[in-house]
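Q: Pasting a structure below so you can have a look.
The values are calculated or read from the model by the stated rules, or taken from the named source; none is laboratory data. The shown structure was predicted, so the numbers you read here are calculated from the model rather than taken from an experiment. Positions of Cβ are generated from backbone atoms using ideal geometry, with glycine treated the same way; all protein chains shown enter the neighbour counts. These area figures cover heavy atoms from the full protein model, side chains too; ligands, DNA and RNA do not enter into them. Shrake-Rupley method; radii C 1.70, N 1.55, O 1.52, S 1.80 Å.
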Amino acid sequence: MTADDDARTEAELQPDDAGGALAADLEGAAVPAAPDLPYDRYSSRELSWLEFNARVLAQAEDRRIPLLERAKFLAIFASNLDEFYMVRVAGLKRRLDMGLTVRSSSGLTPRETLTRVAERTQELVARHSRLWRDDIEPALAAAGIRVLHWSELDDAERGRLAEYFRAQVFPVLTPLAVDPSHPFPYISGLSLNLAVLVRETGGGVERFARVKVPNNVPRFVDVKDARADSAYLPMEELIAAHLDLLFPGLEVVEHHLFRVTRNTDIEVEEDRDEDLLQALERTLTKRRFGPAVRLEVTDTITSRVLELLIEEIDVPAEDVLMIPALLDLGSLWQLCDNDRPDLKDPPFVPSTPPRFAEHETAKSVFATLREGDVLVHHPYESFATSVQRFIEQAAADPHVLAIKQTLYRTSGDSPIVEALIDAAEAGKQVVVLVEIKARFDEQANIRWAKQLERAGCHVVYGVVGLKTHCKTSLVVRQEGGSIRRYCHIGTGNYNPKTARMYEDLGLFTADPHVGADLTDLFNVLTGYSRQTEYRSLLVAPHGIRAGLVERIEREIAHARAGRAARIVIKTNHLVDEETIDALYRASAAGVPVDLLVRTFCTIRAGVPGLSDNIRVRSILGRFLEHSRIVYVENDGEPEYLFGSADLMHRNLDRRVEVMVRVTDPAARAHLRDMLDLAFADDVVAWELRPDGDWRRNPGQPGRPLRDYQDVLMRRHARRSE
């Protein structure tokens, strides 16, 4: 299981974006008028995220999970927390700096939220560190993967590492002194640093110096150790053991490791008269120099060094995290690369969707879609033999006239981009909307945009004031005397790397109504069209919230008339107050509401008189649950939709998002099976209690709990056979 919808790193388990701009920081600042509902009907968004990360940590604590997979969850927890501070905590602090003290929809002021966040974070970080120090690190050592201290090495090992240090590490180190002629150096965000106190041999004034641990060498240095299959020394310990080479003639009094997290929540000032690419490139330079929002130090640090760091870095004492183990456990991904299949999940190979293959031979995607729609479910079904093949066949097909594509995030070696370039070079019209404001992927997307432009693609950057987050492809093909449009609409990015780790859905269709809708949508994205109504799609920022609330109100009317009604929603995040209030009204009308929410969740479940009929679950596992689905019973005429939008202000108001109605019977049956399984009594899941706590599903006496994703893997394996 890895993170939320992009290819930033394999170590993240994060939402698509953690907010963005002041508007996102103010999300939920005002409680919608609803005299029939209590004021305290929403939970805190930030605290709900911390409880999500606590569920990630619980995965690392679960001894039924293979050992290196548990270490992976430790790394995911750490990386998640980094980004939470860089964006969400940074946004709260910015509100305080601007003097904004309005209470959020949870009833908390920014300062009250920050206080609770700091308290809960300290608890979780202590638990995280203890789990590494007292459980997972010893278990790894027993399994032959050791993380050593310098004091544990013998003379031969120290000699080999000293040679490595002199040849590979020493040349890139730059000790920076702090004295009247050398101001305190700038500490880059998320870098590891050694705070060093030195003095003249024999006594004298103690002086401070900073040594940055280089990030272009491995964090864990390989140690040839006969006592273990694999052994490693943290890079900071290797540097600390050779500080005398960095400060010759001086005595090293003490040294301590520290790490700073900075505000990276930049805001692009968009101007219709200015090139967005240039504006973004200018703004990105500001990210490196954001104010500090967190200081991490080892719990052995002395008070005088800590006080100096707090003063010079300008971080409040309440934002200092004392770590009783290794700093930056996100680096444990390096250890997880060990070739130890006995300590990992069994390998899983996704299958080719049966409709796209005839035995071992690939079929034409276009011929298949002329027979009917195809739903694909990643990572259980292969991205390479479905989505990637669709674009590659379109690029190579002489009858294809045009390809139109949105790209939010993609991989470093993107076969999708390569296929689009091939199509343009073959003379096809290729239009690509590259969202260059995708958080933390801005530089990569700028490079892709320029490369696509050089190849002759028409590249656009979206609509001013909005991010384009929808996942859509449109292929226009000449067939006889007419043209036919082939479409793909998905919940995940066009990224083969994350498609192996994220659970996502995609619909392939040649339905002329969907094709016409995507044609209109691309005209909105590339031209001056202001269309807001579509035939088969719901499109944000104008249509998704309204369409969803309309369907909820319809279920309420069915329930009140004694007709069949039910609502099931699978989403990454649920914080939109208007949607939540509509679900509360549905509950009051007797509509059963089942919600599968991964991360941010501010609805309250099972509260008498408020949400008696609302059940909320969360599933974490090997893959990141990432698809978004809406199901309504509609008096026996069920309706299914899925798409890219989460139920948040940013998605519904400030992004271009798409949800598509699913009409194919086989696709609808697959979605129904997914949702039924997710809410089965005997499936491992977390359940939100009326008091706000998340607890594991206890299951039924005498019935073993099933793993949701394992069941789906086995189902798809049988289907492919």
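Q: Has the range 522-540 got any residue that is at negative phi, in contact with a His (Cβ under 6 Å, 6 or more places away or on another chain), buried (at least 20 other Cβ atoms within 10 Å of the Cβ) and not aliphatic (A, V, I, L, M)?
A: Our first condition is that a residue be at negative phi; within the range 522-540, this holds for 522-540.
With in contact with a His (Cβ under 6 Å, 6 or more places away or on another chain) added as a condition, the list becomes 532, 535-536.
Among the residues that remain, those that are also buried (at least 20 other Cβ atoms within 10 Å of the Cβ) are: 536.
Retained after the next criterion (residues that are not aliphatic (A, V, I, L, M)): 536.
Within the range 522-540 (the criterion being at negative phi, in contact with a His (Cβ under 6 Å, 6 or more places away or on another chain), buried (at least 20 other Cβ atoms within 10 Å of the Cβ) and not aliphatic (A, V, I, L, M)), the answer is yes, since at least one residue qualifies.
Q: Given the conditions (1) of a type outside the set (Lys, Arg); (2) touching a Ser or Thr at 6+ places or on another chain (Cβ under 7 Å); (3) more than 29 Å from Arg714 (Cα to Cα), report the number of the one that Thr352 does not fulfil.
A: (3)
Q: Let me spell it out: the conditions are (1) surrounded by fewer than 19 Cβ atoms within 10 Å (Cβ to Cβ); (2) not in a helix (DSSP H, G or I), and Gln334 meets all of them except one. Which number is the exception?
A: Among (1) surrounded by fewer than 19 Cβ atoms within 10 Å (Cβ to Cβ); (2) not in a helix (DSSP H, G or I), Gln334 violates only (2).
Q: Exactly one of these conditions fails for Arg650: (1) in a helix (DSSP H, G or I); (2) closer than 13 Å to Thr491 by Cα; (3) not hydrophobic (A, V, I, L, M, F, W, C). Give me its number.
A: Result: Arg650 fails condition (2) only.
Q: If you go through the range 36-76, how many residues are among the aromatic types (Phe, Trp, Tyr) and part of a helix (DSSP H, G or I)?
A: Number satisfying all stated conditions: 3.
Q: Could you identify the single residue in Asp422, Asp345 that is open to solvent by 30 Å² or more (accessible area, probe 1.4 Å), of a type in the set (Asp, Glu), assigned to a loop (DSSP other than H, G, I, E, B) and modelled with pLDDT of 95 or more?
A: Going through Asp422, Asp345 in turn, just one is open to solvent by 30 Å² or more (accessible area, probe 1.4 Å), of a type in the set (Asp, Glu), assigned to a loop (DSSP other than H, G, I, E, B) and modelled with pLDDT of 95 or more: Asp345.
Q: Then there is this: Taking Ser331 as the residue in question, decide whether it is closer than 30 Å to Leu67 by Cβ, of a type in the set (Ser, Thr, Tyr) and at pLDDT below 95.
A: Judged against the criteria, Ser331 is not a match.
Q: Every residue in the range 178-202 that is open to solvent by 20 Å² or more (accessible area, probe 1.4 Å), among the small types (Gly, Ala, Ser) and under 25 Å from Met235 (Cβ atoms), please.
A: Ser188, Gly189
Q: Keeping to the range 446-485, report how many residues are surrounded by 22 or more Cβ atoms within 10 Å (Cβ to Cβ), within 22 Å of the chain's Cα centre (by Cα) and hydrophobic (A, V, I, L, M, F, W, C).
A: Result for the range 446-485: 2.
Q: Can you confirm whether the range 348-355 contains a residue that is assigned to a helix (DSSP H, G or I), touching a residue at least 12 places away in the same chain (Cβ under 8 Å), over 26 Å from Cys457 (Cβ atoms) and within 21 Å of the chain's Cα centre (by Cα)?
A: no
Q: Among the residues of the range 232-247, is there at least one that is surrounded by 17 or more Cβ atoms within 10 Å (Cβ to Cβ), modelled with pLDDT of 95 or more, touching an Asp or Glu at 6+ places or on another chain (Cβ under 8 Å) and over 16 Å from Ala162 (Cβ atoms)?
A: yes
Q: Considering only residues that are out of contact with any Asp or Glu (no Cβ under 9 Å at 6 or more places or on another chain) and surrounded by fewer than 24 Cβ atoms within 10 Å (Cβ to Cβ), which ones fall in the range 486-514?
A: Arg500, Pro512, His513, listed by residue number.
Q: Within the bounds of the range 260-279, is there any residue that is at pLDDT 95 or above and either in contact with an Asp or Glu (Cβ under 6 Å, 6 or more places away or on another chain) or outside any helix (DSSP H, G or I) (or both)?
A: Checked the range 260-279: at least one residue is at pLDDT 95 or above and either in contact with an Asp or Glu (Cβ under 6 Å, 6 or more places away or on another chain) or outside any helix (DSSP H, G or I) (or both).
Q: Oh, and also: Given the criterion assigned to a loop (DSSP other than H, G, I, E, B), over 17 Å from Ile301 (Cα atoms), open to solvent by 80 Å² or more (accessible area, probe 1.4 Å) and of a type in the set (Val, Ile, Thr), identify the matching residue among Val205, Val217.
A: Unique residue meeting the criteria: Val205.
Q: Taking only pairs six or more apart or across chains, which ones have beta-carbon atoms under 6 Å, a first residue in the range 376-397 that is surrounded by 22 or more Cβ atoms within 10 Å (Cβ to Cβ), and a second residue that is β-branched (Val, Ile, Thr) and part of a loop (DSSP other than H, G, I, E, B)?
A: Pairs that qualify, where the first residue is surrounded by 22 or more Cβ atoms within 10 Å (Cβ to Cβ) and the partner is β-branched (Val, Ile, Thr) and part of a loop (DSSP other than H, G, I, E, B), are Ser382/Thr352.
Q: Related question: Could you say which residue among Ala561, Ala589, Ala565, Ala605 is of a type in the set (Gly, Ala, Ser) and free of Cβ contacts under 8 Å to residues at least 12 places away in the same chain?
A: Numbers: Ala589 fails: free of Cβ contacts under 8 Å to residues at least 12 places away in the same chain; Ala565 fails: free of Cβ contacts under 8 Å to residues at least 12 places away in the same chain; Ala605 fails: free of Cβ contacts under 8 Å to residues at least 12 places away in the same chain.
Step by step, each of Ala561, Ala589, Ala565, Ala605 is checked, and only Ala561 is of a type in the set (Gly, Ala, Ser) and free of Cβ contacts under 8 Å to residues at least 12 places away in the same chain.
Q: Just to be sure, is Val616 modelled with pLDDT of 95 or more, open to solvent by less than 10 Å² (accessible area, probe 1.4 Å), part of a strand (DSSP E or B) and over 18 Å from Leu652 (Cα atoms)?
A: On the way: modelled with pLDDT of 95 or more: yes; open to solvent by less than 10 Å² (accessible area, probe 1.4 Å): yes; part of a strand (DSSP E or B): yes; over 18 Å from Leu652 (Cα atoms): yes.
So Val616 passes the test.
Q: Looking at the range 303-322, which of the residues that are surrounded by 14 or more Cβ atoms within 10 Å (Cβ to Cβ) and either of a type in the set (Lys, Arg) or touching a His at 6+ places or on another chain (Cβ under 9 Å) (or both) is farthest from Lys93 (Cα to Cα)?
A: Per the criteria, the residue is Val305.
Q: Is it true that some residue in the range 578-591 is among the charged types (D, E, K, R) and under 17 Å from Leu677 (Cβ atoms)?
A: No, the range 578-591 contains no residue that is among the charged types (D, E, K, R) and under 17 Å from Leu677 (Cβ atoms).
Q: For the range 552-590, name all the residues that are crowded, with 24+ Cβ neighbours inside 10 Å, over 23 Å from the mean Cα position of the chain (by Cα) and in a loop (DSSP other than H, G, I, E, B).
A: Matches in the range 552-590: Ala565 only.
Q: Counting just the residues of the range 667-701 that are small (Gly, Ala, Ser) and out of contact with any helix residue (DSSP H, G or I) (no Cβ under 9 Å at 6 or more places or on another chain), which one comes out farthest from Met713 (Cα to Cα)?
A: Gly699
Q: Tally time: how many residues in the range 698-712 are open to solvent by 20 Å² or more (accessible area, probe 1.4 Å) and among the hydrophobic types (A, V, I, L, M, F, W, C)? If you could, list the steps in order and put the result at the bottom.
A: Restricting attention to the range 698-712, the residues satisfying the condition of being open to solvent by 20 Å² or more (accessible area, probe 1.4 Å) are 698, 700-707, 710.
With the extra rule that they be among the hydrophobic types (A, V, I, L, M, F, W, C), the set shrinks to 705.
Number of matching residues: 1.
Q: Only residues that are among the acidic types (Asp, Glu) and either surrounded by fewer than 16 Cβ atoms within 10 Å (Cβ to Cβ) or at pLDDT below 95 (or both): list them for the range 654-684, please.
A: Residues satisfying the conditions are Asp673, Asp676, Asp681, Asp682.
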